[in-house]
């Protein structure tokens with residue numbers, strides 16, 4: 001229910017195009033309330049409720065908080081969640097970690113630096129032990145509380161606060177109005193520097209930026225499963241094809257397991273031979289090196305550039321069990337020949 005509330009709130013804010021800076025402030029308030037309410041249940045449980053200061057309830061709370069933290073990270077709110085869920089997160093860490101010898105003091109100080117000395121004493125002195133669980137040594141509790149007095153307690157007093165066992169449900173931070181106002185601007189066109197930012201990602205074939213003429217100003221992301229046969233869909237529009245040397249092993253007097261098509265790309269004076277598809281279970285698929293849209297430059301030293309489709313097929317059929325190929329990867333997309341892959345060429 002809590003996660004649904006957070007998701008619905010984020011959906012509403014995005015629908016209304018609320019400024020991201022204001023959104024972060026709002027969710028900081030929500031995360032603080034979640035943390036403070038749960039933390040106060042540990043410190044001073046309501047009448048009739050079971051004591052929660054135990055390993056079992058620490059692990060249970062940790063399990064419930066994890067989906068909220070994961071969701072926050074996906075929404076770009078990981079810093080707000082990390083900061084404002086800190087008290088309950090560190091309290092659950094103390095309840096579930098090792099705290100049975102003096103050597104654990106340093107780990108507790110490192111993991112629970114937001115908790116003051118009163119809160120640490122309550123969690124350790126009021127800890128509910130499970131069956132056969134060791135006792136927390138009093139000298140360990142004293143050492144942890146002493147360290148907290150020198151760090152968390154001093155910090156609270158320096159900021160004008162007072163030491164309290166519970167946390168205020170209100171986050172005592174004022175809302176700051178962003179310079180751009182409550183609403184974010186409508187994004188239109190391609191922002192300056194955006195192409196340069198995407199270029200390294202596009203060169204790896206992970207995405208492609210496609211401007212749409214006469215658009216309404218909306219941005220839409222299209223996601224598909226990457227496959228060998230659809231590799232050209234993941235090639236950036238401006239990626240420079242790479243030439244690779246490939247050795248292919250196949251049975252004697254059999255084909256290579258690829259379909260080819262001849263075409264002339266933009267700015268090319270000669271025909272090129274392109275892989276239309278890779279036959280499932282064939283030698284090319286087994287090698288994993290060839291994909292639809294690759295241009296075959298040469299086969300066993302015989303150049304295929306400028307040859308017709310039939311001439312190239314004849315050369316490919318005369319190859320032996322070991323074939324040496326020179327291939328320009330995903331050249332069809334670079335040359336603007338993506339549509340030719342929908343044609344029906346012969347298999348070789």
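The values are calculated or read from the model by the stated rules, or taken from the named source; none is laboratory data. The model shown is predicted, which means the values in this text are computed figures rather than measured ones. With ideal geometry, Cβ positions are generated from the backbone for all residues, glycine too; neighbour counts draw on all protein chains shown.
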If we keep only residues of segment 81-92 that are crowded, with 17+ Cβ neighbours inside 10 Å and free of Cβ contacts under 8 Å to residues at least 60 places away in the same chain, then the residue nearest to the chain's Cα centre (by Cα) is 81
Answer yes or no as to whether residue 86 is assigned by TED's automatic domain parsing to the domain that holds residue 122 and closer than 22 Å to residue 163 by Cβ. yes
Which number in (1) farther than 22 Å from residue 178 by Cα; (2) over 22 Å from the mean Cα position of the chain (by Cα); (3) surrounded by 15 or more Cβ atoms within 10 Å (Cβ to Cβ) marks the one condition that residue 71 misses? (2)
If residue 55 passes every condition in (1) in contact with a helix residue (DSSP H, G or I) (Cβ under 7 Å, 6 or more places away or on another chain); (2) surrounded by 18 or more Cβ atoms within 10 Å (Cβ to Cβ) but one, which one does it miss? (2)
When every residue in segment 301-316 that is out of contact with any helix residue (DSSP H, G or I) (no Cβ under 8 Å at 6 or more places or on another chain) and either outside the structural domain of residue 331 (by TED's automatic domain parsing) or touching a residue at least 24 places away in the same chain (Cβ under 8 Å) (or both) is compared, the one nearest to residue 205 (Cα to Cα) is 305
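Matching residues to (1) out of contact with any helix residue (DSSP H, G or I) (no Cβ under 8 Å at 6 or more places or on another chain); (2) free of Cβ contacts under 8 Å to residues at least 12 places away in the same chain:
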residue: 118; (1), (2): yes, no
residue: 122; (1), (2): no, no
residue: 125; (1), (2): no, no
residue: 141; (1), (2): no, no
residue: 154; (1), (2): yes, yes
residue: 183; (1), (2): yes, no
residue: 193; (1), (2): yes, yes
residue: 206; (1), (2): no, no
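Residues are listed down the side, and each one gets a yes or a no for (1) modelled with pLDDT of 95 or more; (2) part of a helix (DSSP H, G or I); (3) under 25 Å from residue 134 (Cβ atoms):
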| residue | (1), (2), (3) |
| --- | --- |
| 31 | yes, yes, no |
| 50 | no, no, yes |
| 70 | no, yes, no |
| 80 | no, yes, no |
| 100 | no, no, yes |
| 103 | no, yes, yes |
